[in-house]
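Every number in this text was worked out from the coordinates using simple rules, so none of it is lab data. What you see is a predicted model; the values in this text were computed from it and never measured. Cβ atoms come from the backbone with ideal geometry, glycine included; neighbour counts cover every protein chain shown.
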Amino acid sequence: MDKIEIALNRVRLLWAIIGSLCFVAVSFCLVFYANTFVPMMIPLPKPILIYLIVAIGCLGMITFSLFTFMALKTLFIKQNSLIIDEKGITQRDFGLVEWRDITGLKTQVISSNKIILIYISNPQKYIQRLGRLSAFLAKVSLRFYQTPLSIGTKSFKYNEDELINLLHDKLKQYSKAPL
C-alpha cells in the first residue's frame with residue numbers, strides 16, 4: 001500500500017496566529033482610542049471620522065478573531081493534513097477526493113503562494129460536504145478558478161515543488177486523466 005502522509009507546518013501556522021493577534025490588538029486600539037487617530041486622518045468632520053475608525057476597528061477585530069480561532073483549532077488537530085494513497089487525495093477540509101473524479105491539476109501563484117488547483121468532474125459532490133462558510137468559499141473558487149478544491153503548498157511540511165510533482169506523478173499512476 002502506497003500511502004504518503006504529509007503533516008501541517010505548525011510553525012508557519014503559529015506565526016500566522018501571532019500576526020493575527022497583532023491585528024486584533026491594533027483593531028482594538030482603533031475601536032477604543034479612535035479619538036487619538038482623528039488628527040492624523042484626512043479632513044472630514046470629526047464625528048464621521050470617529051465612526052469610520054470604530055467601524056474599521058470592529059471589522060478588523062471580528063475578522064482577525066475568527067481567523068485566530070480557526071487557526072488555533074487547526075493547530076491542535078493531531079491528524080495529518082494531507083494523505084495521498086491509491087484511493088485519492090485526502091485533505092482535512094474536503095475529505096477524500098478520488099482519483100477517478102480528478103480531471104486535472106494546475107499550479108496557480110497567488111500573492112507569491114503556490115496553490116494546487118484540483119479540477120474535478122463533479123464539483124457539487126464536494127461542495128455539499130463542506131460547512132456553510134467553506135461551501136461559500138468553494139463556490140467563489142469554482143467561479144474564479146473553475147474548481148472548488150485547492151491546496152496551499154506552504155501550509156505543509158513538504159517542499160512545494162516536490163509536492164506538486166508528487167501529485168502529478170500519483171495522478172498519472174492512478175488515473176487516466178490528462179494533465
What 222 nm value per residue comes from the helices of the chain, counting each DSSP H run with n ≥ 4 as -39,500 (n - 2.57) and dividing by all residues, nearest 500 deg cm²/dmol? -16500 deg cm²/dmol
List the residues whose amide H sits under 5 Å from the amide H of T103, counting only those 5 or more places along or on another chain, with H placed 1.01 Å from N in the peptide plane. Y119, I120, S121
Proxy reagent accessibility, fewest Cβ within 10 Å first, across Y51, Y145, Y126: Y51, Y145, Y126
For region 82-174, what is the per residue volume of the convex hull drawn over the alpha-carbon atoms, in cubic angstrom? 93
Comparing V11, V109, V24 in a Gaussian network model of the chain (Cα, 10 Å), the one with the largest mean-square fluctuation is V109
Check every DSSP H run in the chain and write down those whose alpha carbon atoms cover 24 angstrom or more along the long axis and whose mean Kyte-Doolittle hydropathy is 1.6 or greater. 10-32, 46-75
Which log10 I(q)/I(0) values does region 4-75 give at q = 0.11 Å⁻¹ under the Debye formula, counting every alpha carbon as one identical point scatterer? -0.38
What ranking do M70, M61 get, fewest neighbouring Cβ atoms within 10 angstrom at the top? M70, M61
Compute the Kirkwood hydrodynamic radius of the chain, taking the inverse of the mean of 1/r over all pairs of distinct Cα atoms, and give it in Å to one decimal. 18.7
Taking the Cα centre of the chain as origin, sum charge times position over the Cβ atoms of Lys and Arg (+1) and Asp and Glu (-1), and report the length of that vector in debye to the nearest 20. 320
Exposure proxy order (Cβ contacts within 10 Å, fewest to most) of W99, W15: W15, W99
